[in-house]
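The values are calculated or read from the model by the stated rules, or taken from the named source; none is laboratory data. Because the structure is predicted, anything quoted here is derived from the model rather than measured. Cβ placement follows ideal geometry from the backbone for every residue including glycine, while neighbour counts extend to all protein chains displayed.
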Amino acid sequence: MTNQVKAFAVWKDVYQVIAAPAHYETVLLLHAVLCAFAYRASPIYEHGRTAKGVFCCLLMALGGGTLASLLMATPPSWLVNNVDLPIYTTGFFLVCRTPLLYPILRTTQPVALAMLDLIDVTLRAMALSAFQAQASKLPTPTVLPSTPNTLGQILIGTISVTGGGIALFWLLHPPSRFTIPVHDTVVCLLANLLYAYNALHKNRVFISQCLWDSVPARLVRSVDPGNDALILALFNAFMDWIRAWADVLGIPTTFKGRRGEADLRALCALFMLVGFLLRPGRWAFAEKKENGKPEKVEKRDLVEKEEESDE
């Protein structure tokens with residue numbers, strides 16, 4: 001009982017940090033710093049190209065939400081508030097046009113990036129929850145009145161949190177390189193699947209039915225019709241194991257009302273944070289020279305440069 005109380009106290013702290021940030025503008029500014037830092041540390045950064053830099057940072061930060069909004073015929077957030085554009089432009093100038101912030105971030109990169117990633121997943125979780133909620137209210141075609149748009153919700157949520165970075169990469173590279181950052185995209189896709197499954201009952205029914213009718217499940221059932229009961233028993237045992245560990249960690253397993261939605265958002269943010277921290281090459285660094293000064297750059301940046309030179 002004591003462990004559960006402690007775990008619940010920890011989850012309350014996580015909830016306060018991730019699900020309900022007290023100062024949204026401060027969180028947004030820190031995210032702007034992260035986007036500008038990622039841009040300046042990448043091979044596409046060009047010193048002195050201010051207009052290009054501001055555009056790249058805005059596209060990286062707001063491009064996914066803008067694309068998702070256009071797909072749903074709603075105005076993007078930066079058109080209906082006076083906060084997004086000024087803050088992300090400020091983030092670019094702080095990182096790319098001041099002499100101290102970028103070297104400090106480079107020096108403290110492992111710790112700084114971990115803290116900035118926490119801000120990043122917080123805003124991503126807020127975005128995916130908002131866009132999935134909007135997508136769930138879209139009218140269903142009359143020919144399929146009983147089918148929820150679960151796949152549309154997952155797709156819209158994934159586009160909203162990954163579309164900006166992918167669009168920036170495609171824009172600044174030859175069209176033949178229509179690839180995506182597989183690891184981050186898969187992490188965000190699974191986070192959206194987790195949110196959709198727990199947010200609405202009709203989504204749970206649809207996803208469960210899809211898994212039950214999938215090819216692997218059919219193959220198992222075709223061996224012996226009695227395997228249906230075995231599969232259900234294994235699934236129930238697995239879910240009981242998940243719930244038991246969730247109780248130990250103090251993580252809620254039911255998500256009802258506004259508090260439940262915030263808990264689910266925090267859970268998705270934690271899922272993405274762990275996924276990003278486990279990204280291959282996340283902690284690998286190599287030396288690079290920029291403007292004649294040696295500094296550290298992530299290994300994946302060098303791989304991208306080598307691929308460009310091969311072409």
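A few remarks follow.
- Of all residues in the stretch 74-89, those being polar (S, T, N, Q) and surrounded by 15 or more Cβ atoms within 10 Å (Cβ to Cβ) number 2.
- Only residues that are modelled with pLDDT under 90 and either of a type in the set (Phe, Trp, Tyr) or not in a helix (DSSP H, G or I) (or both) were counted across the stretch 38-59, and they come to 10.
- The listed residue being surrounded by 16 or more Cβ atoms within 10 Å (Cβ to Cβ), under 21 Å from LEU28 (Cα atoms) and touching a residue at least 24 places away in the same chain (Cβ under 8 Å), out of GLN109, GLN134, GLN153: GLN109
- Residue match in the stretch 252-261 (condition: farther than 27 Å from GLN109 by Cα and modelled with pLDDT of 80 or more): yes
- Selection of first residues in the stretch 232-256 that are among the hydrophobic types (A, V, I, L, M, F, W, C) and of second residues that are surrounded by 13 or more Cβ atoms within 10 Å (Cβ to Cβ) and in a loop (DSSP other than H, G, I, E, B), restricted to Cβ pairs under 9 Å at least 6 apart or on distinct chains, gives the following pairs, ordered by first then second residue: ILE242/THR253; TRP245/ILE251; ALA246/PRO252; ALA246/THR253.
- Residues in the stretch 70-91 that are within 23 Å of ASN192 (Cβ to Cβ), touching a residue at least 40 places away in the same chain (Cβ under 8 Å) and assigned to a helix (DSSP H, G or I): LEU71, ASP84.
- On the stretch given as the stretch 262-304, residues that are small (Gly, Ala, Ser) and modelled with pLDDT under 55 total 3.
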